[in-house]
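The values are calculated or read from the model by the stated rules, or taken from the named source; none is laboratory data. Not measured: the values here are computed from a predicted model. Quick reminder, even Gly has a Cβ in these numbers, built from the backbone with ideal geometry, and neighbours come from all protein chains shown. All accessible areas refer to the heavy atoms of the entire protein, side chains included, with ligands and DNA or RNA removed. Shrake-Rupley method; radii C 1.70, N 1.55, O 1.52, S 1.80 Å.
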Amino acid sequence: MTATAETTAGSRGSQPPVPDGAVTVTVKIRRFNPEFDDEPRWDSFDIPALPSDRVLNLLHYIKWYVDGTLTFRRSCAHGICGSDAMRINGVNRLACKVLLKDLLQTGDKQTTITIEPIKGLPVNKDLLVDMEPFFEAFRAVKPYLVTYGNEPTRERIQSVADRERFDDTTKCILCACCTTSCPVYWTEGSYFGPAAIVNAHRFIFDSRDEGAEERLDILNDIDGVWRCRTTFNCTDACPRGIQVTKAIQEVKRALLFKRV
Amino acid sequence: MPELERHSFDVLVIGAGGAGLRAAIEAREHGMRTAVLCKSLFGKAHTVMAEGGIAAAMGNVNSSDSWQVHFRDTMRGGKFLNNWRMAELHAQEAPQRVWELETYGALFDRTKDGRISQRNFGGHEYPRLAHVGDRTGLELIRTLQQKIVSLQQEDFKEFGNYEERLRVFQEFTVTDLVKDGDRIAGAFGYWRESGRFVLFEAPAVILATGGIGKSFKVTSNSWEYTGDGHALALRAGASLINMEFIQFHPTGMVWPPSVKGILVTESVRGDGGVLRNSDGKRFMFDYIPEVFKDKYADNEEEGDRWYTDQANNRRPPELLPRDEVARAINSEVKAGRGSPHGGVFLDVSTRLPAEEIRKRLPSMHHQFKELADVDITAQPMEVGPTCHYVMGGVEVDPDTGSSSVAGLYAAGEVSGGMHGSNRLGGNSLSDLLVFGRRAGAGAAEYVRALDQRPAVSEDTVTEARATALKPFQQEGGENPYTLHMELQQSMNDLVGIIRRQAEMEEALQRLEKLKERAQSLTVEGHQQFNPGWHLALDLRNMLLVSECVAKAALLRTESRGGHTRDDHPSMDAEWRRKLLVCNVDENGVSVEEKPQIPIRSDLLDLFDRAELEKYLTAEELS
């Protein structure tokens, strides 16, 4: 690819050769540009792709060679930073973790992949949503260690078992897949949502923490855990495999029995 | 022209990875009104990808460990080119920083008696890495993010404003630093979302922008790593050192193309994985250097026995230092014995039962299954070297992180010196905390001692705005993505893992042409969240920093750590005494030699003389 690309005004330059084994797929993207659009619109792109490609690669192909204005977030590109959550064929996933081969149609039918921004948060542009309401809910549950008394000079002691107790909820990458898959969150945006509760759980069940009561009070609020209808969408959506619904249930139980 | 958004702070921190957040916390704790500016969302920094752990001689697992041993290991890892004062401070303060992180609330794996557990890692004499499974970097960032949330809630209680003393500006790009005479006066940049320009007036700026890996085609680095801080520092008049030293990790994924460069952990080899070429041969036996012959097995049988009996056998050559393995893989591929996609085979499937592989290497099993559709319990992986870390960066004062420009500070990967010519695994997370804190304190002291705050002239602002808008002023220019790919290909092929004079000269010629073409980039659309425009601006930084790398690499006629010259294959003690310093002025990038400050004698006394003879000149030893 060292050859100089022929370019003309307005074109995206030459496209790379289509690799062996590539298939043509249609990527249908829900787009919105606040400069021009009153309403979101759908754009479809027919592009060559390998079955081993990830949805993130398809988006990159479009951005680099077809439409340089396509806007989405991505960072580490392998499922750790949690930047590229989107609705892929109707379910919340990280684009860097979905392989094309798992979306391909059987037989001769051309595959269409539908990509939309995650639901329940304001869309800024294309697949990019305003994450502020999501982080506001995260901050509201006091997502930090609360302790009283003097700081120790070395580490606090924590047994292996105590540390295991909240291991699952420390895996959260704040991608919002869970919160924006929740039907309650879609209709009642004031609900804290699963991710905030997961992050509260991470501290409520941390043996070093002394702020459980304050946090439980917050979660007992009208917009707290009682809004959860146990639909398990959040657990299905979590790219980290966190048992989100279970964590919410544990918080509910802690509230009912006033015991952590 | 829309009105310019303006803010005034005491300390600006550019970058929100481990170093940036730790620096911001420190500056704020010193009473400074502090702002953090970062390109991504808050909490998504590249630091989250660090897996291994944080190196700190706490001695929780082996009480023989001490800062002196850690210091020795770090200097050996860097082939003695390290700034010894930084290595000393780092080894001394890393334990405090880990304990402090724990009191902030970080999760750590624990020992049986409930203390922070520590694991073995390459180059560290004792188990030294504090860790949380394989997600230590993620936990580090999350903890610092949580700490900042708690400080902001404290401020709300005290002042009724969450952002009174610490404010984060996320998805924001800094395009230029601004100065008042010789001093830093602030920074100019834009909101990535709206494209609107913002001027920050601040007497002190801390660069914590990370590395430069996105200038290379195959890299484990994420999109933010475009050398912004390196380039901002250069343009503001600061110097970079050690830019020729780049760490290539031997095993990155090479297939499918979608995941090329993503890291394959060293543990695969540690647990029995072997490297094979297209003939099925375990080629590493052909690449054991003379100096390592007594420590590495010369036949497969002995190498295989080592996994169960380390006392009576030598270790297999797959476990040679990273630079040796990376070079060997490179040679096999060049000799036509590579895998179908230009790497070699890393096979654990014929070495361990499937059950055992899933148990010992869960994340790798997961990674290959999910991203490459390869079942590593049944198939070999294809791997090749990947650009991983830049040892070079802003030349700083070890104690305060101050650069040569008044008011400009740097910490973490964007600073240079700490790791010498090669960084040990685990030493980067500790580096971020130790020197992030020091830079935060250094900047705060500087601001406190100022009589008069610097002022920003309107001319400076007009110029910065014009520079940033240039890609919109042109028609008929090139697609920035095309240019970026050509830059990555050139750096990968010509200034990559193995370097030759003629190739680096060619690289410099290509860079000249790319620089010309970059003058006429064209971007579509408008300023509002325009990814093409962002890349066009990032390219300016990547081209400048790449030129530093190529020029410094061409000058250093020896091989040391992350700099391997095919035409000068050995290490030269005379070169250890010299640093290559990059500067930029109206004539472009210049590189000059500068003598190293001799190592303090009490630190030299920590080593055996026989060992020092490998690195130091006779004159230094006399």
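Some observations on this one:
- Pairwise centroid distance, computed over Cα atoms, of the range B:430-496 with the range B:245-282, Å: 33
- C-alpha center-to-center spacing [the range B:88-167, the range A:16-91] in angstrom: 36
- The protein assembly as shown: antiparallel DSSP beta bridges as a percent of all, rounded to 5: 65
- Cα lying deepest toward the dipole's positive end in the range B:150-202, options B:Ala202, B:Tyr190, B:Gln153, charges on Cβ: B:Tyr190
- Considering every alpha-carbon pair of the protein assembly as shown, the percent of pairs per 20 Å bin, from zero through the bin containing the longest distance, is 15, 50, 33, 3.
- Furthest towards positive pole of dipole, B:Ser258, B:Ala335, B:Tyr287, structure part the range B:247-387, Cβ charges: B:Ser258
- Cut-off 18 Å (backbone N to label point 7 Å along Cα→Cβ of B:Gln452), residues of the range B:166-197: B:179-186
- Net length gained if the chain between B:Glu300 and B:Thr467 were fully extended (0.36 nm per residue, minus Cα distance): 54.2 nm
- Sequence-distant residues sharing a close amide H with A:Thr114 (under 5 Å, placed H): A:Lys28, A:Asn89
- Nearest-20 debye value, the protein assembly as shown charge dipole, Cβ charges on Lys, Arg, Asp, Glu: 1620
- Simple spin-label estimate for B:Glu3 and B:Asp602 gives 5.8 nm between the two label positions (7 Å along the Cα-to-Cβ direction from each Cα).
- At least 10 Å² accessible surface lost relative to isolated chain, residues of the range B:219-257 (1.4 Å probe): B:Ser222, B:Trp223, B:Trp255, B:Pro256, B:Pro257
- Chains B and A together bury some 6000 Å² of accessible area, summed over both sides, with a 1.4 Å probe.
- Database remark: amide H of B:Arg315 closer than 5 angstrom to the amide H of B:Ala297 (H placed geometrically; neighbours at sequence offset of 5 or more, or on other chains; Pro and chain starts carry no H).
- The distance between label points at A:Thr114 and B:Ser520 comes to 4.5 nm (points 7 Å beyond Cα on the Cα→Cβ vector).
- Extension gain for B:Glu506-B:Gln92 works out to 144.7 nm (0.36 nm per residue, less the C-alpha to C-alpha distance).
- Charge dipole magnitude, Cβ of K and R +1, D and E -1 - the range B:474-576, Cα centre, debye nearest 20: 280
- DSSP finds beta bridges in chain A, and of those with both partners inside it, around 80 percent are antiparallel.
- About its Cα centre, the dipole of the range B:131-233 is roughly 300 debye, where the only charges are +1 on Lys and Arg Cβ and -1 on Asp and Glu Cβ.
- Phi-based couplings in Hz for the range B:3-20 (Karplus 6.51, -1.76, 1.60; Gly and Pro marked x): 5, 7, 6, 10, 9, 10, 9, 7, 10, 10, 10, 9, x, 10, x, x, 5, x
- Each peptide in B:556-562, B:299-305 was scored by the mean count of other Cβ atoms within 10 Å over its residues; highest first, the order is B:556-562, B:299-305.
- Ordering B:Gly77, B:His366, B:Phe9 by Cα displacement along the dipole of chain B toward the positive end leaves B:His366 in first place; charges were set at the Cβ atoms of Lys, Arg (+1) and Asp, Glu (-1).
- Heavy-atom surface of the protein assembly as shown, accessible at 1.4 Å and reported per residue (Å²): 37
- For B:Ile116, residues with placed amide H under 5 Å, excluding near neighbours: B:Thr111
- Label zone at B:Glu356, where the point sits 7 Å out along the Cα-to-Cβ direction: the range B:275-303 residues whose backbone N lies under 20 Å: B:275-276, B:282, B:297, B:299-303
- Across chain B, the relative contact order, built from alpha-carbon pairs under 8 Å that are at least six residues apart, equals 20 percent.
- Rolling a 1.4 Å probe over the protein heavy atoms of the protein assembly as shown, with every protein chain left in place, gives an accessible area that is 47 percent carbon and sulfur.
- Partners for B:Lys359 among lysines (Cα-Cα distance below 24 Å; same-chain residues under 8 apart left out): A:Lys97, A:Lys171, B:Lys112, B:Lys369
- Shielding by partners - mean other protein chain Cβ count within 10 Å, residues of A:163-171: 3
- Among B:175-181, B:277-283, the order from most to least packed when residues are scored by Cβ within 10 Å on average: B:175-181, B:277-283
- The protein assembly as shown - mean residue ellipticity at 222 nm from DSSP helices (-39,500 (n - 2.57) per run, n ≥ 4, rounded to 500): -10000 deg cm²/dmol
- Among beta bridges that DSSP assigns inside chain B, antiparallel share in %, nearest 5: 65
- Partner chain coverage, peptide B:90-103 - average Cβ within 10 angstrom: 2
- Residue-averaged beta-carbon neighbours from other chains (10 angstrom radius) around A:67-74: 6
- The order of the peptides A:223-236, A:184-197, B:450-463, B:81-94 by mean Cβ neighbours within 10 Å, most packed first, is B:81-94, A:184-197, A:223-236, B:450-463.
- Dividing the alpha-carbon radius of gyration of the range B:247-387 by the rule-of-thumb value 2.2 N^0.38 Å gives 0.99.
- Per-residue ³J(HN,Hα) for the range B:192-208, Karplus 6.51 cos²θ - 1.76 cosθ + 1.60, θ = phi - 60°, Hz, x for Gly and Pro: 5, 6, 8, x, 6, 7, 9, 10, 9, 9, 7, x, 9, 10, 10, 7, 8
- Equivalent ellipsoid semi-axes - Cα gyration tensor, chain B, angstrom: 38, 28, 25
- Cysteines of chain B lacking any other cysteine Cβ under 4.7 Å from their own Cβ: B:Cys38, B:Cys387.
- Principal-axis tilt of helix B:501-518 within chain B, Cα atoms, nearest 10 degrees: 30
- Rounded to 10°, Cα long-axis angle of helix B:531-555 versus longest principal axis of chain B: 60
- A simple spin-label model places the labels of A:Gln105 and B:Asp459 6.4 nm from each other, with each point 7 Å out along Cα-to-Cβ.
- When the Cα atoms of chain A are aligned to their principal axes, the ranges along those axes come out at 68, 42, 39 Å in descending order.
- The range B:474-576, Rg to Rh (Cα coordinates; Rh as Kirkwood inverse mean 1/r): 1.10
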